[in-house]
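The values are calculated or read from the model by the stated rules, or taken from the named source; none is laboratory data. Everything numeric here is computed off the predicted structure, so don't read it as measured data. Note that we place each Cβ from the backbone using ideal geometry, even for glycine, and neighbour counts take in every protein chain shown.
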Amino acid sequence: MALQRKWILILFAAPTVLFYLFFFISPLLNTVYNSLFDWNGLSDKTFIFIDNYINLFQDEIFIRSLKNTFYWVFLVLFVQIPFGFFLAYFLYLKVKGFKFLRTVFFIPVVTSTVAVALVFSFIYEPNFGIINAFLREIGLGHLTTAWLSDELTAMTAVSVPFVWQNIGLMMVIIYAGLQSIPDEIIEAGEIDGVGFFQKIIHIVIPMIKNVLIVCLVLGVTYAFKLFDYVLLLTNGGPIHRTEVTGTYMYIKGFQELNYGYGNSIAVTMTIIVLFLSVIINKGLKSKG
Amino acid sequence: MKVEAPVTERQTNIPAHVKKTRKKERNLNIFKYIFLWGYALITVGLFIWVTLTAFKDNTQIFTNPFGLPESYSFSNFAEAWTGANMSQFFVNSLIVSVISVSLCLFLGATLSFVIARFRFRGNGLLYALFVLGLAIPLQSLILPIFFRMDNIGLRDSLLGLILVYTALNLPKTVFLLVGFMKGIPSELEEAAIIDGCGYWKIFSKVIVPISKPGLATAGILVFIAAWNEYVFATVLISSDAARTLPLGLASFQTSYASAYGLIAAGVVISVIPVLIVYILLQEQIIKGMTAGSVKG
């Protein structure tokens with residue numbers, strides 16, 4: 001009977017496990033393995049051990065792409081999460097039209113990145129785009145520019161859709177966290193007459209610290225994986241100004257056929273994300 | 001938020017600092033509404049602007065970017081749907097999304113059943129192997145997955161895309177389903193065992209029907225992810241016939257570079273199905289996307 005049970009369970013689990021090993025785990029291990037070779041994807045591989053990684057950290061464009069990606073992490077921390085927090089907090093304080101507002105705030109999250117990118121390509125369009133049209137309207141025509149190809153504005157322009165699209169996701173996660181705060185704690189604060197910001201800093205944020213950590217880990221992962229916007233809006237240009245690690249991996253692997261090098265970028269990205277996730281979880285949670 | 005019984009200003013025994021707090025509260029309330037409704041207005045405004053643009057021709061778009069269109073002709077929509085082949089992309093996306101969801105739920109449910117309902121050595125490890133997939137940026141798998149699909153001859157095919165989407169969405173599916181199935185009381189299963197049901201019957205007649213809400217949540221999330229996915233599709237698919245909606249839409253940027261009305265129509269067409277799914281099943285989607293984040 002016990003033996004029979006074992007085989008039945010294996011029969012249940014095997015298709016999924018084999019499928020996952022073949023299409024997920026094995027590619028994951030392949031990335032690590034292939035990052036140790038000089039290979040264009042077609043001809044013979046040459047084992048070069050960690051040379052790809054050594055070159056990577058002397059590659060100015062890679063360093064810039066890494067800086068740009070960390071700029072996104074910074075934006076998640078100081079713009080996306082705070083914005084999501086205030087949306088959630090104000091909704092939590094009870095407002096008229098709660099359902100409508102929450103529905104609207106979350107719409108960008110379920111919209112495809114391609115649609116969002118195209119909408120933003122309209123917003124930035126030099127001739128009829130909202131920004132330039134608005135600037136002309138209020139007599140600031142001299143400030144108009146081609147936002148996505150101007151060296152000074154391109155990185156900011158390409159970051160806005162990235163930050164905007166997932167504010168709604170941060171909002172719903174934080175809102176769920178706020179709902180778990182016991183009423184007595186909020187009420188106690190009210191009786192003591194603490195001010196708005198004091199209440200947020202000393203009562204609310206400590207209570208939802210773990211939820212904020214989840215948001216941060218999610219945001220870090222997103223900064224490293226969502227490079228659709230760059231691919232669609234600027235393709236890394238002008239002159240690598242908007243390159244992020246994802247697009248650089250893509251260019252190295254598929255356009256320059258430097259497959260081994262591309263894989264070393266992928267591995268570096270994954271290690272950074274896992275490392276930051278562990279640090280954020282361990283570092284912040286232990287204090288509480 | 002609880003507010004004390006209303007106190008009129010005439011009462012003289014209100015201390016000054018309380019009055020000040022009241023005023024602050026009123027200001028906060030005004031700010032709250034401006035912040036929330038202002039942000040909502042911007043979001044809705046963007047969608048309306050794109051929709052209006054879809055009804056305009058280029059002359060109108062350039063001379064009157066914010067105004068209402070002169071007439072509501074659906075020519076841009078018709079041109080996008082038939083001329084630019086969106087109907088084909090739409091069907092491709094539907095095929096890929098629906099089959100990915102089915103496959104993902106089947107593979108996810110059978111494994112989750114084993115992980116959630118049975119105790120054996122290596123159970124935790126098996127679960128960890130799948131949840132690991134949640135922690136890594138999936139897009140970093142793009143190079144090896146391209147080669148894997150190329151090797152087995154499934155690059156540039158809808159089937160290949162389905163298999164990739166299924167694999168990429170398994171971690172999330174298993175995570176949600178294991179969580180759900182662990183909450184099912186074991187008496188139900190025991191009753192089924194006493195009735196002499198085999199394992200397959202317990203799974204299909206007891207566990208799956210009870211897990212329907214969990215399956216629905218996972219299914220919707222996988223559907224939205226597959227419907228919207230762009231990066232893997234653009235790498236794997238090269239022929240026009242196998243393009244999905246996001247790919248087709250992105251290709252408008254180059255092949256219809258200055259046909260802004262047409263691009264806007266394409267955006268509207270691609271967003272509408274997901275918007276309908278979202279508005280109908282909002283609660284489940286939000287619950288699914290926040291699952292596990294609060295217990296932390």
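Within the range B:249-257, one or more residues are within 25 Å of B:Ser102 (Cβ to Cβ) and either at the interface with chain A (Cβ under 10 Å from one of its Cβ atoms) or part of a helix (DSSP H, G or I) (or both). Does the range B:262-271 contain at least one residue that is closer than 30 Å to A:Lys209 by Cα and modelled with pLDDT of 90 or more? No, the range B:262-271 contains no residue that is closer than 30 Å to A:Lys209 by Cα and modelled with pLDDT of 90 or more.
Assess whether A:Leu135 counts as being away from every other protein chain (no Cβ under 11 Å), crowded, with 16+ Cβ neighbours inside 10 Å and either assigned to a helix (DSSP H, G or I) or within 22 Å of the chain's Cα centre (by Cα) (or both).
In short, yes.
From the list B:Phe47, B:Phe31, B:Phe55, B:Phe77, the one residue that fits, being within 12 Å of chain A (Cβ to nearest Cβ), surrounded by 17 or more Cβ atoms within 10 Å (Cβ to Cβ) and modelled with pLDDT of 85 or more, is B:Phe47.
Scanning the range A:256-281 for residues that are surrounded by fewer than 21 Cβ atoms within 10 Å (Cβ to Cβ) and over 21 Å from A:Asp51 (Cα atoms) returns A:Leu274, A:Phe275, A:Leu276, A:Ser277, A:Val278, A:Ile279, A:Ile280, A:Asn281.
Among the residues in the range B:62-69, are any more than 30 Å from the chain's Cα centre (by Cα), aliphatic (A, V, I, L, M) and either at pLDDT below 95 or under 26 Å from B:Phe252 (Cα atoms) (or both)? Taking every residue of the range B:62-69 in turn, at least one turns out to be more than 30 Å from the chain's Cα centre (by Cα), aliphatic (A, V, I, L, M) and either at pLDDT below 95 or under 26 Å from B:Phe252 (Cα atoms) (or both).
The rows are residues; the columns are (1) surrounded by 16 or more Cβ atoms within 10 Å (Cβ to Cβ); (2) touching a Gly at 6+ places or on another chain (Cβ under 7 Å); (3) closer than 30 Å to B:Val178 by Cα.
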position: A:Pro27; (1), (2), (3): yes, no, yes
position: A:Tyr33; (1), (2), (3): no, no, no
position: A:Trp39; (1), (2), (3): yes, yes, no
position: A:Ile63; (1), (2), (3): no, no, no
position: A:Gly84; (1), (2), (3): yes, no, yes
position: A:Phe90; (1), (2), (3): yes, no, no
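Being within 14 Å of chain A (Cβ to nearest Cβ) and at pLDDT below 90 is the filter here, so list the residues in the range B:151-201 that pass it. Matches in the range B:151-201: B:Glu189, B:Ile193, B:Gly196, B:Cys197, B:Gly198, B:Tyr199, B:Trp200, B:Lys201.
When you go through B:Thr290, B:Thr244, B:Thr254 one by one, which is the residue that is surrounded by 20 or more Cβ atoms within 10 Å (Cβ to Cβ) and either charged (D, E, K, R) or over 25 Å from B:Ile48 (Cβ atoms) (or both)?
Values: B:Thr290 fails: surrounded by 20 or more Cβ atoms within 10 Å (Cβ to Cβ); B:Thr254 fails: surrounded by 20 or more Cβ atoms within 10 Å (Cβ to Cβ).
One residue alone meets the criteria, B:Thr244.
Cβ-Cβ distances below 6 Å connect the following pairs, each with a first residue in the range A:19-40 that is on the phi < 0 side of the Ramachandran plot and in contact (Cβ under 8 Å) with a residue 60 or more places away in the chain, a second residue that is aliphatic (A, V, I, L, M) and surrounded by fewer than 20 Cβ atoms within 10 Å (Cβ to Cβ), and a separation of six or more residues or different chains: A:Asp38/A:Ile48; A:Asn40/A:Leu257.
In this structure, B:Ile99 does not satisfy being over 24 Å from the mean Cα position of the chain (by Cα), over 30 Å from A:Phe122 (Cα atoms) and in contact (Cβ under 8 Å) with a residue 60 or more places away in the chain. A:Val204: in contact with a Leu (Cβ under 9 Å, 6 or more places away or on another chain), closer than 24 Å to B:Asn27 by Cβ and either surrounded by 15 or more Cβ atoms within 10 Å (Cβ to Cβ) or polar (S, T, N, Q) (or both), yes or no? Here the answer is yes, as A:Val204 does meet what is asked. Mind telling me which of the residues A:Trp72, A:Trp147 ends up being part of a loop (DSSP other than H, G, I, E, B) and surrounded by 21 or more Cβ atoms within 10 Å (Cβ to Cβ)? Going through A:Trp72, A:Trp147 in turn, the sole match is A:Trp147. On inspection, A:Gly260 qualifies as of a type in the set (Gly, Ala, Ser) and touching a strand residue (DSSP E or B) at 6+ places or on another chain (Cβ under 9 Å). Is one or more of the residues making up the range A:110-118 within 11 Å of chain B (Cβ to nearest Cβ), among the small types (Gly, Ala, Ser) and in a helix (DSSP H, G or I)? Yes - at least one qualifying residue is present in the range A:110-118.
Check B:Ile286, B:Ile279 and return the single one that is free of Cβ contacts under 8 Å to residues at least 24 places away in the same chain, at the interface with chain A (Cβ under 10 Å from one of its Cβ atoms) and in contact with a Phe, Trp or Tyr (Cβ under 9 Å, 6 or more places away or on another chain).
After ruling out the rest, the residue left standing is B:Ile286.
Check whether at least one residue in the range A:106-113 is out of contact with any helix residue (DSSP H, G or I) (no Cβ under 9 Å at 6 or more places or on another chain) and either among the polar types (S, T, N, Q) or surrounded by 18 or more Cβ atoms within 10 Å (Cβ to Cβ) (or both), and report yes or no. No, every residue in the range A:106-113 fails to be out of contact with any helix residue (DSSP H, G or I) (no Cβ under 9 Å at 6 or more places or on another chain) and either among the polar types (S, T, N, Q) or surrounded by 18 or more Cβ atoms within 10 Å (Cβ to Cβ) (or both). Criterion applied to B:Gly183, B:Gly160 was being surrounded by fewer than 21 Cβ atoms within 10 Å (Cβ to Cβ) and either out of contact with any Cys (no Cβ under 9 Å at 6 or more places or on another chain) or charged (D, E, K, R) (or both), and the one residue passing it is B:Gly183. What are the residues in the range B:278-296 that are in a helix (DSSP H, G or I) and modelled with pLDDT under 90, if any? Residues satisfying the conditions are B:Gln282, B:Glu283, B:Gln284, B:Ile285, B:Ile286, B:Lys287, B:Gly288, B:Met289, B:Thr290.
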